[in-house]
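Worksheet: the structure to be examined is printed underneath.
Computed from the coordinates by the stated procedures, all read-outs in this text should not be read as laboratory data. If you're wondering where the values come from, they're calculated on a predicted model, not measured in any experiment. Note that each Cβ is placed from the backbone with ideal geometry, even for glycine, and that neighbours are counted across all protein chains shown.
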Amino acid sequence: MSTKTEQQPSAENPEELNDLKLTKPYTWAAGIPGVTAAFKDIFEETGVLRGTGALFKMNQKGGFDCSSCAWPDPDDDRSPIAEYCENGAKALAEEATLKKLTPEFFAENSVIDLALLSDMDIGKKGRIAQPMYLPKGGTHYEPVTWDDAFKKIADKLNGLASPNEAAFYTSGRTSNEASFIYQLFVREYGTNNMPDCSNMCHESTSVGLAESIGIGKGTVTLNDFYNTDVIIIIGQNPGTNHPRMLTALQKGKENGAKIIAVNPLFEAGLMAFKNPQTAKGILGISTQLADVYLQVKINGDMALLKAIEKMLYDAELKEPGKVFDLDFIGGKTTGYTEFINKVKDFNVDELCVAAGVPVEVVQQAVDLIKNKSRIIICWAMGVTQHQNGVDTIKEIVNLTLLKGSIGKAGAGLCPVRGHSNVQGNRTMLIYDKPYEKQLDKLKEVFGFEPPREHGYDVVDTIKAMHNGKLKVFFAMGGNFLSATPDTGYTADAMRKLKLSVHVSTKLNRSHLVHGEEAIILPTLARSDKDVVNGEEQFVSCENSMGVVQMSKGILDPISKDLLNETQIVCELAKATLGSRSVINWDKYAASYDAVREEIGKVVPGFENYNQRVRLPGGFYLPNAPREGKFETDEFGEKAPFTITTLPHNTLADDEFMMTTIRSHDQFNTTIYGLQDRYRGVHNERRVIFMNEKDIVKAGFKAGDKVDLFNYFGGEERVARLFVIVHYNIPEGNTATYYPEANVLVPINSVAKKSNTPASKSVIIKIKKHTE
Ligand SMILES: Nc1nc2c(c(=O)[nH]1)N[C@H]1C(S)=C(S)[C@@H](COP(=O)(O)OP(=O)(O)OC[C@H]3O[C@@H](n4cnc5c(=O)[nH]c(N)nc54)[C@H](O)[C@@H]3O)O[C@H]1N2
Ligand SMILES: Nc1nc2c(c(=O)[nH]1)N[C@H]1C(S)=C(S)[C@@H](COP(=O)(O)OP(=O)(O)OC[C@H]3O[C@@H](n4cnc5c(=O)[nH]c(N)nc54)[C@H](O)[C@@H]3O)O[C@H]1N2
Ligand SMILES: [Mo]
């Protein structure tokens, strides 16, 4: 047993860097290196048979849904070989691993010893195989029975002065069935404190779109990509984070579409694609993707969109009725006159300077779209994670409305979601601000009075932990500490808890920075067989385009001591609520069909859920804007133009704007390896990408070791030991990897209205590294 008494570190904090190796950044994505990298990982972790068998079932009808991203599967012609990508294969390798964490492992490794490891090394230890408990003052997790674990949690929950002293987090992998049961328990227990990963992800999208088009989701289907004129991709790196999207882009290009990329970095997967699943790709023949590449400054997107609108307006003046869709504007929108009066006064030159893109290059993009209306606009974290994220999304909608590019084939809005069921979680009522009518429905179907007061989202949860208002934190998946902003502040917050509980597949830092007592409950992963009462069951998920599909794991679970997430919630509900509950939890623990039956009664669009989810390819949820119909709270059947303001991204001489991005070798806080192959960065993640001129101006050279500082709100945050990499990024801008740089993201720097941490625009100072 360890006798150490010092506190465990809040974040990864190495004393030495690895031997960084740099190679030339790629100008295309996927192809053979992608495939070999994927197979190497999966065979190493799982063995040949377990690995290949599972890969061939991934994203096939009747197989399991890849847990790596929410990109949809083709409705009809799925590749007979495999509908997976390199990063899906790595995600599978990570969860299908044969390594497991036994009670002996936890007896040998103290919490502090584990916390001293890197995030990658923590994650590579293996799957959690039995419930574990860390007593008050304990140094090591100890095995605990399921019954004791539920009793300990129930006692704590029942001992609180109010249910609002507990919060229940969800990460986006949880199935529809488990999510629905989870929120049902939390609401019967009595709180809406349901923060979820969406709060840090596409919340700006959900808020912005709900207000402007009446639904917080995208409007396109995969088929729209195949027959469209222009695809605009803003702040998204599909080559790494949604590789199967490249196949759709390629198909679109083959049918004549043009692509416009908007990104401060030249990302390989936006430039060209060698499809590893076609003969051409295997021979190394690539499809060019972006026709115009707009290298914006970080958060220059708003200025860019406004410049484009003004240039379109000027073109419309020259060719009236040929650029704007006046019928659409007249029939389906509101606020046009006021909006266009503002546009008239925009100064294109100033806007292009603010965006960081030369006018001539913006003009090329405008020329591609001006006489087209089959336009799809895609976006992800490069747009949502800024203080003005909601406004930028509304500006994207403005552009779409001017062009009438919504509610018709080959056109529409495409926020590309992250976690594979993050969109489904919200549809299943995982939300801290539920609508009255949803709560009324729960009451009508189940017969209890759900709490009406809105709960805490992620940022408010952290603050409430910090100020002592929250005492119990329960997480359904995820890695709350490492995924959230301001790691030091959040760690302090988590250490103030009475109890922290994580339902997890793999060990992560959130298990190691814990409350007074802590519990880890092990669960099945997406690829695991889910057998209940001797019968193999399936769950279902909703992808980024609103298709609900079944997912059935095929691998034998690593341990007999795992419960599925629904069973965990049902047992916890019984232990906590006992005879107070009006719900038959055993019925739901025994069968997902029984859960789906109830979802069909509560959530619109899920009628006959059990029949329809069994159809090959699943079913589409209703989506009014896709049919050209709007229904907003404020403007009825019209979609409003929104007047937004330009952000002021001013920096002092010694300040830089930092964005935090994903490497090619990670899934959020799970670090697969140290290679960011496409960007040519190998063997080290603690790098800061800088423009060559900035490096010289600041008196550094590439390869120098530096410390990064942030002073938001008068407080100093520091992330030590990064190495400078010279990279093609706009002047004044820098990039680092998430989660290593989360230490610097201020808890109070959030998007207006969505409260999403502004982790893509962090102002930093860079100083020479000191020990
Ligand atoms: N393999 C893999 N797949 C994943 C994930 C993963 O970690 N690994 N994560 C999943 C999740 S939860 C999500 S949300 C998605 C995330 O998918 P993405 O949103 O693609 O992920 P990020 O790496 O955060 O990067 C966003 C892109 O925005 C650019 N960018 C940064 N700042 C700005 C800006 O101010 N303006 C513009 N225009 N661009 C900017 C970056 O250069 C980068 O190319 O991927 C999902 N899929
Ligand atoms: N600076 C910065 N911060 C960011 C971002 C950024 O771009 N920059 N991105 C944000 C975004 S978009 C997101 S979505 C969040 C992600 O935040 P989270 O969703 O909280 O983080 P993950 O790393 O995806 O969670 C990984 C853990 O989930 C558990 N897990 C995996 N599969 C399952 C499962 O099937 N069931 C259960 N119960 N557990 C499972 C494993 O134990 C694993 O360690 O991070 C956010 N944080
Ligand atoms: Mo995400």
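Annotations for the structure displayed:
- 3J(HN,Hα) along region 147-153, derived from phi through the Karplus expression 6.51 cos²θ - 1.76 cosθ + 1.60 where θ = phi - 60°, amounts to 4, 5, 4, 4, 5, 4, 5 Hz, with x in place of Gly and Pro.
- Distant-in-sequence amide H partners of residue 379 (H built 1.01 Å from N, under 5 Å): 234, 414, 416
- Solvent-free Debye scattering, log10 I(q)/I(0), computed from the Cα coordinates of region 122-199 at q = 0.12, 0.26 Å⁻¹: -0.47, -1.23
- Gap separating the Cα centres of region 484-535 and region 449-469, nearest whole Å: 19 Å
- About the centre of its Cα atoms, region 204-415 shows a dipole size close to 660 debye [charges on the beta carbon of Lys, Arg (+1) and Asp, Glu (-1) only; nearest 20 debye].
- Dipole axis of the chain (+1 Lys, Arg; -1 Asp, Glu on Cβ), positive-most option in 485, 382, 292: 292
- Applying 0.36 nm per residue to the separation of residue 279 and residue 23 and subtracting their alpha-carbon distance, the gain on full extension is 89.4 nm.
- Beta-bridge orientation, the chain: approximately 40 percent antiparallel, per DSSP, counting only bridges with both partners inside.
- Compactness of region 590-677 - radius of gyration and Dmax, Cα, Å: 23.0, 63
- Dipole axis of region 698-746 (+1 Lys, Arg; -1 Asp, Glu on Cβ), positive-most option in 737, 714, 726: 726
- Net charge contributed by nearby residues that have their C-beta within less than 13 Å of residue 697 (K/R +1, D/E -1): -4
- Among 282, 599, a tally of other beta-carbon atoms within 10 Å of each Cβ gives an order, fewest to most, of 282, 599.
- Kirkwood hydrodynamic radius computed over region 181-222 comes to 12.2 Å, based on all pairs of distinct alpha carbons.
- Backbone amide hydrogens, once placed in the peptide plane, bring residue 681 within less than 5 Å of 23, 676, excluding anything fewer than 5 places away on its chain.
- Calculated FRET efficiency for the pair residue 454/residue 582, C-beta based, R₀ 25 Å, to 0.05: 0.60
- Candidate cross-link partners of residue 125 among the lysines, defined by an alpha-carbon separation under 24 Å and a same-chain spacing of 8 or more, comprise 4, 40, 90, 99, 100, 506, 529, 560.
- Where the Cα pairs of region 204-415 fall when distances are cut into 5 Å bins, in %: 1, 7, 15, 20, 21, 17, 9, 5, 2, 1, 0
- Estimated vicinal HN-Hα couplings, Hz - region 225-236 in sequence order (Karplus 6.51, -1.76, 1.60; Gly, Pro = x): 5, 7, 9, 9, 9, 9, 10, 9, 10, 10, x, 9
- The label-point distance for residue 364 and residue 635, in a model that sets each label 7 Å from Cα toward Cβ, rounds to 3.3 nm.
- Taking N as its residue count, the alpha carbon Rg of the chain over 2.2 N^0.38 Å: 0.91
- Residue-by-residue Karplus 3J(HN,Hα) for region 583-597, coefficients 6.51, -1.76, 1.60, Hz, glycine and proline x: 10, 8, 5, 4, 4, 6, 5, 8, 7, 5, 4, 5, 5, 5, 4
- Taking every DSSP helix (H) stretch of at least 4 residues in the chain, weighting each as -39,500 (n - 2.57) and dividing the sum by the residue count yields a mean residue ellipticity at 222 nm of -9500 deg cm²/dmol.
- With each label modelled as a point 7 angstrom along the Cα→C-beta vector, the residue 349-residue 445 pair spans 6.0 nm.
- Amide H within-cut-off set for residue 517, under 5 Å, with H built and near neighbours excluded: 499, 500
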